[in-house]
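Below: the structure, in structure tokens.
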Amino acid sequence: MEQQPGPVNWAARNPAPLAGMVRLWTLEAMAHGAEFVSYFRWRQAPFAQEQMHAGLLRPDRVDDVGAHEARAAAADIARLGLPVAPATRAGVALVFDYESVWVTDIQPQGAGFSALRRAFEWYSALRGLGLDIDILPPDAPLEGYGLVVVPCLPIFPQGFVDRLAASGAEAVVGPRSGSKTPQFSIPTALPPGDLQTRLPLKVTRVESLRPGVAAPPALDWIERCETALEPEMKLADGHGVLWRAGRMRYLAATLERDAMSKLLGAVAAEAGLSTLALPEGLRLRRHQGHVFAFNYACAARRLPADGSREFLLGGEELPPAGVAVWRKVK
């Protein structure tokens, strides 16, 4: 009788590539100070409503791509000596809370206006400049940061504006901040509420721009303001949208991506922070003497010139989902 072949170990015949998103996500978590990474899920479920959620193992319990990448990440972590605690403090603090999301969800005023979306846009612009960011709640200490950004905080907690001013950081506060009281009313003195004690400006009218209505460099929201201050930025029609008093700035519009990056880059420079013009999809993070680079793009990305590097992982060019880690050489 002809002997039947045994089961084939396809995973052994087709080993997964080491560069992949599971490895990238794991190393990026470590670069941000994580002490532990737990994967969801261990094995892809062969039943019920989550059958299409991939796991480290396939439904037949054979290693899937994620398992190979998790092992590769574990080897990288051991080589780098991670985790190292505490996490390195970033140069930039981004103030965010979910109460702001609830406020803008309840009363968006314009289609798509969300405090979460605003935070993501500001965060993306800052990461695109090669900056490290700590995301903090409004009651967190702000001392020691060079730049503090507040993309959208409709309700200022008591004392927040004073603590922001006392931090010594360059500060940029975004639209709709200070526009509500804790009772969800418009402040008696009008928005931006308590910020007026530090920056003499009143928001007297707001406009949400529907798609197709352009007011460069505004994106979808403009606030008209009364103030004796001279604007640092104007719309194409001449209306001011950015004002400054000392280290405090108020931005009275949502901005197009390039304009947002230009603004934050200029303020970061005033704060003494170094920026890099990163290509699309490339992100950096500094942690305990190491510099990490992550490529989220679908094509290879080359690191921008920034002095000599001693590579511990990867090299000057990163493939898609590639990671590089180095120490700067003085």
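The values are calculated or read from the model by the stated rules, or taken from the named source; none is laboratory data. Everything numeric in this text was worked out from a predicted model, so none of it was measured. Cβ: placed from backbone, ideal geometry, glycine included. Neighbour counts: every protein chain shown. Remember, those area values only see protein heavy atoms, side chains included, never the ligands or the DNA or RNA. Shrake-Rupley method; radii C 1.70, N 1.55, O 1.52, S 1.80 Å.
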Pull up the DSSP beta bridges for the chain and report the antiparallel fraction as a percent, rounded to 5.
70 percent
Starting from the Cα gyration tensor of region 53-129, multiply each eigenvalue by 5, take the square root, and state the resulting semi-axes largest first in whole Å.
36, 23, 11
The chain - accessible surface per residue (Å², probe 1.4 Å):
51 Å²
Rounded to the nearest 500 deg cm²/dmol, what is the calculated helix-only ellipticity per residue at 222 nm for the chain, with -39500 (n - 2.57) per DSSP H run of length n ≥ 4?
-7000 deg cm²/dmol
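If a/c stays under 1.5 just call it rounded; otherwise compare a/b with b/c (prolate if a/b is bigger, oblate if not). Do that for region 120-241, with a ≥ b ≥ c from the square roots of the Cα gyration tensor eigenvalues.
oblate
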Work out, in µm²/s and without decimals, the Stokes-Einstein translational diffusion coefficient of region 161-317 at 20 °C, 1.002 mPa s, Rh from Kirkwood over C-alpha pairs.
117 µm²/s
Let me check the size of region 107-179 from its C-alpha atoms; what are the radius of gyration and Dmax in Å?
12.7, 37
Student exercise, the chain dipole from Lys, Arg, Asp, Glu Cβ charges, in Debye to nearest 20
360 debye
Any idea which of VAL161, PHE292, LEU235 is furthest toward the positive side of the dipole for the chain, if Lys and Arg beta-carbons carry +1 and Asp and Glu beta-carbons -1?
PHE292
Taking the mean number of other Cβ atoms within 10 Å as a proxy for protection, how do you rank 24-31, 292-299 from highest to lowest?
24-31, 292-299
³J(HN,Hα) computed for each position of region 213-225 - Karplus, 6.51 cos²θ - 1.76 cosθ + 1.60, integer Hz, glycine/proline x
9, 9, 8, x, x, 5, 9, 9, 8, 9, 10, 8, 10
Debye calculation, C-alpha points only, no solvent: report log10 I(q)/I(0) for region 269-330 at q = 0.21, 0.29 Å⁻¹, in the same order as the q values.
-0.83, -1.33
Residues with beta-carbon under 13 Å from that of GLU256, excluding GLU256: net charge, scoring Lys, Arg +1 and Asp, Glu -1?
-1
Region 42-117 - percent of accessible surface contributed by carbon and sulfur, probe 1.4 Å:
59 percent
With only alpha-carbon pairs counted, each pair once and no self-pairs, how large is the Kirkwood hydrodynamic radius of region 23-164 in angstroms?
18.2 Å
If you wrap the chain's Cα atoms in a convex hull and average its projection over all directions, what's the area in nm²?
22.7 nm²
Tilt relative to the chain, helix 65-80 - C-alpha long axis, 0 to 90 degrees, to 10
70 degrees
Would you work out which of PRO216, ILE133, VAL325 lies farthest towards the positive end of the dipole of the chain? Charges go on Cβ: Lys and Arg +1, Asp and Glu -1.
VAL325
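Please give the charge dipole size of region 191-330, origin at the Cα centre, charges +1 on K and R Cβ atoms and -1 on D and E Cβ atoms. Round to the nearest 20 debye. Don't jump to the answer; show the numbers that get you there.
Details: 20 positive and 16 negative charges, 100 e Å.
Approximately 480 debye in magnitude.
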In the Gaussian network model of the chain, springs joining C-alpha atoms below 10 Å, which of GLN183, GLN44, GLN288 carries the largest mean-square fluctuation?
GLN183
